[in-house]
Amino acid sequence: MSDAIRWGILSTGAIAKKFADGLKSAQGAELVAVGSRTQAAADTFGEAFSVPHRHGSYADLANDPDVDAIYIGTPHSAHKDSALLCLDAGKAVLCEKPFAINASETRAMIVRAREKKLFLMEAMWTRFIPLIVRVRELLAEGVIGEPRMVSADFGFRAGVNPEGRLFNPHLGGGGLLDVGIYTLSFASMVFGRPAGVVSAAHLGETGVDEQAAMILRYDQGQLAVLSTAVRTTTPHEATIMGTGGRIRIHSRFWCPQKMTVSVDGKEDEVIEMPFTGNGYHFEAEETMQCLREGKTESAVMPLDETLELMETMDEIRGQWGLKYPME
């Protein structure tokens, strides 16, 4: 494969537009194709982002011979079928989070990618933001001692639209899958897979979780306290507390540029790591680097961890009695 990676985008929604904008800052990326359910939508998207190949169906995009990798930005409920379509066409896939509706769908996607020896990754862009990369380095260096607790929240207040993606159970609506995954993935990055979880949620008029809180425990006694919402605005903060200090990301922990590192007995250190672009280019660059190196998954966001996260979300939804119609 040449240094230039030719991208296709499957979907023309808001997140697909953000990814297309992000690709402008990704070195070696070429956006060559877009696929939509209608030709008109594909043409409109293509005009906006100067995309040469504009397909009026997802299948046509998947089978475009000029595409190396496809970013999937459909609603959660369509992730599995979209990913399998692209993998069956021999394409590398970067699939928007949450990876799928549940662990069963996730397993099917992973099995297909491994059978075909093709790259597949969950598009958890937070993992690749420079400040979060630095967080992992600080933890590895033992700067705050042994991490013992994590807190993180991600909630916002949206107007209720029963047919919209956030509130429609047929589209996998609710806070957990939409933004709760960020808090769970952050805790997983620090502690790995939980040994147990207790949670509570308020299910709204459409039957999906409008706000929720979760406590995760781990094998060595560590704890993560997480909250998420689509009807309640929260600070969007994350803190890692260790035996010798703490790391606090004050806002937008899912795409941060600033944090405070507090080490016992020392002055607080404020670390700022600004970047150009909208942040989505970092996950694209990780995908492209893996492809150039012949890798079929990322060590930073491995498929086994993605499956563990989906299994945890299945367990959490089970505690609430929240089951989606397609399940």
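The values are calculated or read from the model by the stated rules, or taken from the named source; none is laboratory data. All figures in this text were calculated on a predicted structure; none of them were measured in a lab. Here Cβ is always computed from backbone atoms with ideal geometry, including for glycine, and neighbour counts include all displayed protein chains. Quick note on the areas: whole protein, heavy atoms, side chains included, nothing else; ligands and nucleic acids left out. Shrake-Rupley method; radii C 1.70, N 1.55, O 1.52, S 1.80 Å.
Computed from Cα atoms alone, the Kirkwood hydrodynamic radius reported for the stretch 119-214 is 15.4 Å. Over all other residues within a Cβ to Cβ distance under 15 Å of ILE9, the charged ones net out to -3, with Lys and Arg as +1 and Asp and Glu as -1.
Averaged per residue, the chain has 41 square angstrom of accessible surface, using a 1.4 angstrom probe with ligands and nucleic acids left out.
Would you please calculate the Kirkwood hydrodynamic radius of the chain over all C-alpha pairs and express it in Å, rounded to one decimal? It works out to 20.2 Å.
Using a probe radius of 1.4 angstrom, the carbon and sulfur fraction of the accessible surface of the chain is 48%.
From helices alone, the chain scores -9500 deg cm²/dmol at 222 nm; the rule is -39500 (n - 2.57) for each run of n ≥ 4 DSSP H residues, then divide by the residue total. In loop segments of the stretch 256-323 as defined by DSSP, the trypsin sites (Lys or Arg not before Pro) with at most 15 further C-beta atoms inside 10 Å of their C-beta are LYS266, LYS295, LYS323. When its C-alpha radius of gyration is set against 2.2 N^0.38 Å (N residues), the stretch 44-100 gives a value of 1.11.
Hand me the trypsin sites (Lys or Arg not before Pro) from the stretch 100-143 located in a DSSP loop with no more than 16 other Cβ atoms within 10 Å, in residue order please.
For trypsin sites (Lys or Arg not before Pro) across the stretch 100-143 that sit outside H, G, I, E and B with at most 16 neighbouring Cβ atoms in 10 Å, the list reads LYS117.
Ordered by solvent-accessible area of protein heavy atoms (1.4 Å probe), largest first, the residues LEU303, LEU166 come out as LEU166, LEU303.
Note on the stretch 235-305: Cα Rg divided by 2.2 N^0.38 Å, N the number of residues, gives 1.43. Just for the chain, what percent of DSSP beta bridges are antiparallel, to the closest 5? The antiparallel proportion sits near 55 percent. Overall shape: oblate for the stretch 183-291, with the ratio a/c of the largest to smallest alpha carbon gyration tensor axis at 1.5 or above and b/c at least equal to a/b. In the stretch 24-122, if every C-alpha pair distance is counted and binned at 5 Å from zero, what percent goes to each bin? P(r) for the stretch 24-122, in whole percents per bin: 2, 14, 23, 24, 19, 11, 5, 0.
Taking every alpha-carbon pair under 8 Å whose residues sit at least 6 apart, the chain reaches a relative contact order of 19 percent.
If one computes P(r) from the Cα atoms of the stretch 159-234, what percent of pairs lie at distances over 17 Å? Don't skip to the answer; put the middle values down first.
Numbers: 1272 of 2850 pairs.
Percent of Cα pairs beyond 17 Å in the stretch 159-234: 45.
For the pair the stretch 161-221 and the stretch 257-327, the centres of their Cα atoms are 15 angstrom apart.
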